[in-house]
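Worksheet: the structure to be examined is printed underneath.
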Amino acid sequence: MKTWIDIDASELPRLAPRTHPLWWGILSAVAIEAAVVANLLASYFYLMAQTEGPWPPAGTEAPPILWPTVFLVLLPLSSVTMWWAGRGSDRGDKRQLAIGVTASVGLALLALVARSFQIASFDVKWSDSAYGSILWTITGFHFTHVVSAILGTAVVAVYAWRGYFNPARQLGVIVDTLYWYFVAGIFVPIYLVLILAPRIL
Amino acid sequence: MSRVPENPEATTSIRDESDPQMRARLAELEKTWQSPRGFIGWFTHVNHTSIGKRFLITAMVFFLLSGLLALAMRLQLLSPLNDVLDAQTYNQVMTVHGTAMMFLFAIPAMEGIAIYLAPLMVGARDMAFPRLNAFGYYVYLIGGTVFFLSLPFGLAPDAGWFNYVPLSGPEHSAGYGIDVWTTMITFIEVSALTAAVELIVTILKLRVPGMSLNRMPIFVWAVLVMSFMILFAMPSVIVASSFLMMDRLVDTAFFDVTLGGSPLLWQHLFWFFGHPEVYIILVPALGIVTSIVITFTQRPLFGYTAVVLALVGVGMISFGLWVHHMYTTGLPLMGRSFFMAASTMIAIPSGVQIYCWIATIWGSRPRYASPMIWVLGFFAIFIAGGLTGVMVASVPFDRQVHDTYFVVAHFHYVLIGGAVFPLMAGLHYWFPKITGRMIGEQLGKWSCAVTFVGFNLTFFPMHQLGLEGMPRRVYTYLPDLGWGDLNLLATGGSFVMAAGFGMILVNIIVSLRSGEVAGDNPWNASTLEWATASPPLNCNFAEQVSVKTANPLWDWHEQNQRAMVSGLSTTQRETIVTTLLDALPQSVMILPGPTIWPFVSAVVASICFLGLIFSPWFFVVGVFGTFATFVMWFIPPRYTTDPNADLPEEAKS
């Protein structure tokens, strides 16, 4: 059988940070976690529908609005610094990248402090009622995600300060940023359901 | 991208073994893709052929063990008031049988066959994330083994495979049994999810140039649909079992009615996973059947587009049916009617597939080799199961037979017919590719016949038993109910079926030792997995190809020429990346080599999940512990010595 060369792969890029399969992998991970959040929120509404009378149940205050709102502002802010870091990385500006990701980690740590204040001010324990259980679970789930995003980005920051990344080799930055946007973005529906809805409905 | 060769004779294939330069190239390539040998080396393998084979073998071991449990149950039910197993043991055996067959056999076996074949079928050198693949396997191996060991230690769960609350809640199930279920099932689902991500990205991005989505083999389509289903179904069972875990461990109140919880929440979450789960097993099986029908009729598939749409349709509709498991829970009439209509709707895409198979076979001269015989067995059993499926989809009928042996008969027809028979067909079909030897043809056919007869003897009487009112999950029954004869028949049948599976095992062992040596493409099939040696090379393909049609091997033969990709490195693991829809060349992915870290990560994760049975603090330990091992796993390998080592020349500035 005759064999002929159709495509010469030696001309194709080896480090293609924008079209790398890992980007799709992280996107799939995001889809899974979004599905988990959807299940958690559906469970919240199911328990709400099953409860006769007010929701949160009588005698329980809805979570205070101050600290989650601080959290809601800080997380997108940290996404902006992530985006700014990525722009630096695209231009080969290693310093801007390093400062940007470090700032994001810092902002997210601040956000975690705000989050901890909020959790401390919950009016209900997880073992008090099904409302308490689902409230603590959703909050804890998101808290864990912020922690893992911070840990991952901290590693990226260490490598950024050591000058590892450059425009060709910035896959780590790009996928970490994608995950970061997800962790920041997924808080919006959580905030709307857990914090805002009980006040306006 | 493609260009007509100016002088096709001038270029030669890398497998032209007369050329010493080419031979040296191939040897170097094979060395690059070689998995380490030795005991420690075993834990570092990442090649998909190696991991896929392990998934398959492990799943088969769990299948045999769960099958033995089924025999124990049948022995107990042989006659009224039998005392082979006491009630408690029977419940444990039944729960472990059901759970293991679903979570430790059916899903991993389908994943295994997909992990082994999908990359070969799309012409890739390996999967997109080889280390994640290895991690998923160890998670499955450890989780599955712990789950199974709970039985001899007397710690096995005993609330059935769907583990309903409140029976499985802290009040009614003290002890560690249910905790083993909740933690290990959640843990094993992690492995299903990693496999799904892996398969999706491999199929979407690592297809060889020219294999646009409309030229992808049907099996690959089926695997893609299965993976997306896993992606959206597994989170529900993870959420459900996490709720139950927390109810049992830290006193949350998700399912505690006195504190505002709802046991029905469990059923909704479980079945939102549990129903798609059935199709997660069925869809790849349909892909196997289609591959075999194409090869053994030697024809392109009739209605390719219709079959693809049917597969996607089955995947989507299956997410809208879960409530038909809950007809007797007092749902509103409107809800029941909706889900009854939705359940019946699934017959439409299933029917489309069956008609396309019939049209493909029609007027051809099928070659009735052993894989095709297993496919015929599948047709008979699965269609019978489908008919009872239409019956139980109907609310009034279901309310009569709910929780009886009629349902047991129905789902064994669907699952054994819809998954085990196709798997066995696939085993006979791809055995030469995986092992390099043909499987014994005579014994292959006989084992199919014996299994078929045994299966029907076992499960057909259960329809009648169910109609007579025998409830499922009972460890015994009274003599004057008149169920003795049919149960005796079923038990006899189960041993015939076991003999059939024993024959398959013997056939495999004998064929491995002394089967006829298979060539690259013994069945004259049309898909790319047959375009490499049997068993496949370490690098899968000496040269990645570029395809122009949907049945490349047949067309190469007809045109007596083929196109390929050149310019991939022989000293690092490279595979070509293409665009999502049209598969135009885009870049080259450098894949990571063997490493021990996925194994270490899996061990750390296992310890933490096991710890969760005893203390919630293992959650915190788990988050940080697995994170640390992941970092070790992802650290750029050569960074420590030369920060620019993996960069192309022009970027090293």
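Here is how the numbers come out for the structure above:
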{"quantity": "Meets criteria (out of contact with any Gly (no Cβ under 9 Å at 6 or more places or on another chain), among the β-branched types (Val, Ile, Thr), away from every other protein chain (no Cβ under 14 Å) and not in a loop (DSSP other than H, G, I, E, B)) for B:ILE115", "calculated": "no"}
{"quantity": "B:PHE187 modelled with pLDDT under 95, surrounded by fewer than 24 Cβ atoms within 10 Å (Cβ to Cβ) and away from every other protein chain (no Cβ under 14 Å)", "calculated": "no"}
{"quantity": "Test: B:ALA109 is touching a residue at least 12 places away in the same chain (Cβ under 8 Å), aliphatic (A, V, I, L, M), closer than 28 Å to B:MET211 by Cα and assigned to a loop (DSSP other than H, G, I, E, B)", "calculated": "no"}
{"quantity": "Selection count, the stretch B:553-573, where residues are touching a strand residue (DSSP E or B) at 6+ places or on another chain (Cβ under 7 Å), on the phi < 0 side of the Ramachandran plot and among the polar types (S, T, N, Q)", "calculated": "3"}
{"quantity": "Pairs with Cβ under 9 Å, 6+ apart, first in the stretch B:559-585 and more than 9 Å from chain A (Cβ to nearest Cβ) and within 12 Å of B:GLY123 (Cβ to Cβ), second modelled with pLDDT of 90 or more and part of a helix (DSSP H, G or I)", "calculated": "B:THR575/B:PRO119; B:THR578/B:LYS205; B:ALA583/B:LEU213; B:ALA583/B:ARG215"}
{"quantity": "Tabulated pairs, the stretch A:28-57, first over 17 Å from B:PRO263 (Cα atoms) and within 7 Å of chain B (Cβ to nearest Cβ), second buried (at least 19 other Cβ atoms within 10 Å of the Cβ) and β-branched (Val, Ile, Thr), C-beta under 7 angstrom, 6+ apart or interchain", "calculated": "A:SER28/B:VAL197; A:SER28/B:ILE200; A:SER28/B:VAL201; A:ALA29/B:VAL197; A:VAL36/B:ILE238; A:VAL36/B:VAL239"}
{"quantity": "Matching residues, the stretch B:71-98, being outside any helix (DSSP H, G or I) and charged (D, E, K, R)", "calculated": "B:ASP83, B:ASP86"}
{"quantity": "Condition met for A:ARG14 (touching a strand residue (DSSP E or B) at 6+ places or on another chain (Cβ under 8 Å), assigned to a loop (DSSP other than H, G, I, E, B), closer than 27 Å to B:VAL197 by Cβ and not acidic (Asp, Glu))", "calculated": "yes"}
{"quantity": "Residue that is farthest from the other protein chains (Cβ to nearest Cβ), among those in the stretch A:58-72 that are closer than 20 Å to A:SER127 by Cα and hydrophobic (A, V, I, L, M, F, W, C)", "calculated": "A:ALA62"}
{"quantity": "Counted residues, the stretch A:19-41 - those being surrounded by fewer than 17 Cβ atoms within 10 Å (Cβ to Cβ) and closer than 17 Å to A:TRP136 by Cβ", "calculated": "0"}
{"quantity": "Matching option when the condition is closer than 14 Å to B:ALA409 by Cβ and touching an Asp or Glu at 6+ places or on another chain (Cβ under 9 Å), among B:LEU486, B:LEU481", "calculated": "B:LEU486"}
{"quantity": "Any hit, the stretch B:118-126, residues being of a type in the set (Asp, Glu) and either within 14 Å of chain A (Cβ to nearest Cβ) or part of a loop (DSSP other than H, G, I, E, B) (or both)", "calculated": "yes"}
{"quantity": "Number of the exception - A:LYS94 against (1) in contact with a Pro (Cβ under 7 Å, 6 or more places away or on another chain); (2) within 14 Å of chain B (Cβ to nearest Cβ); (3) touching a residue at least 40 places away in the same chain (Cβ under 8 Å); (4) not small (Gly, Ala, Ser)", "calculated": "(1)"}
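The values are calculated or read from the model by the stated rules, or taken from the named source; none is laboratory data. If you're wondering where the values come from, they're calculated on a predicted model, not measured in any experiment. Quick reminder, even Gly has a Cβ in these numbers, built from the backbone with ideal geometry, and neighbours come from all protein chains shown.
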